[in-house]
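Below is one structure; the comments refer to it alone.
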Amino acid sequence: MAKRIVILVILALAGLAAGFWLGHRNPPAPDASDAAVAQLLATRLPDLKGNDQAISQWKGKTLVVNFWAPWCGPCVEEMPDLHALSTEFGGKNVQFVGIGIDTAQNMIAFEQKVKVDYPLLVAGYAGTELARALGNKAGALPFTVVIDAQGRMHYEKLGRITSDEVRTALEPLI
């Protein structure tokens, strides 16, 4: 019986050593969210004035990217909070960006009523696929992600986000 236990312990240790060696020999495959963030940073979208904007211009900053639409009730409700947070975190290497899932015309009409101090970019309905790649499997709105200054996904939220949730997500990054 004791001999059997010794053999099992030796086999278990050999298995652990082999697993450790293989795990360090082959680096893990990049996280899917890394590829999605790279896709986001490679994206160019027009702003409300029709000027093409590269999302990569904010590389090196913590990004709070909010997918929204003027026809989305929870999106409209969270916009004043996001505007206030953008002002609050503006000097702390944090950039807020709104990606609209609608037409430029509808977004301009909305922005004339509800002012925000961060860029609003027009993705149209194609923006839904970008949001899906970042983790929004339902394709619903609003959807917010926080990406750290190194370009790694840090936080995602489907549904209306609160000021406290954004602050909690940003706190360890600034």
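The values are calculated or read from the model by the stated rules, or taken from the named source; none is laboratory data. All of these numbers come straight from a predicted model, not from anything done at the bench. Counting neighbours? That spans all protein chains shown, and the Cβs are built from the backbone with ideal geometry, glycine included. Note: areas computed on protein heavy atoms with side chains; ligands, DNA, RNA excluded. Shrake-Rupley method; radii C 1.70, N 1.55, O 1.52, S 1.80 Å.
Write out, first by first residue and then by second, each pair whose Cβ atoms fall under 9 Å of each other, whose residues are 6+ apart or on separate chains, and whose first residue, in the range 67-79, is free of Cβ contacts under 8 Å to residues at least 60 places away in the same chain and more than 10 Å from residue 141 (Cβ to Cβ) while the second is open to solvent by less than 30 Å² (accessible area, probe 1.4 Å) and part of a helix (DSSP H, G or I).
Short answer, once both residue conditions are applied: 70/107; 70/110; 76/110; 79/110.
Within the range 97-117, how many residues turn out to be surrounded by fewer than 17 Cβ atoms within 10 Å (Cβ to Cβ) and closer than 20 Å to residue 61 by Cβ?
The total comes to 1.
On the given criteria, is residue 89 more than 25 Å from residue 137 (Cα to Cα), touching a Phe, Trp or Tyr at 6+ places or on another chain (Cβ under 8 Å), in contact (Cβ under 8 Å) with a residue 40 or more places away in the chain and surrounded by 14 or more Cβ atoms within 10 Å (Cβ to Cβ)?
When the stated conditions are applied, residue 89 passes them.
Out of the residues in the range 126-165 that are polar (S, T, N, Q) and touching a residue at least 24 places away in the same chain (Cβ under 8 Å), state the one that is most open to solvent (accessible area, probe 1.4 Å).
162
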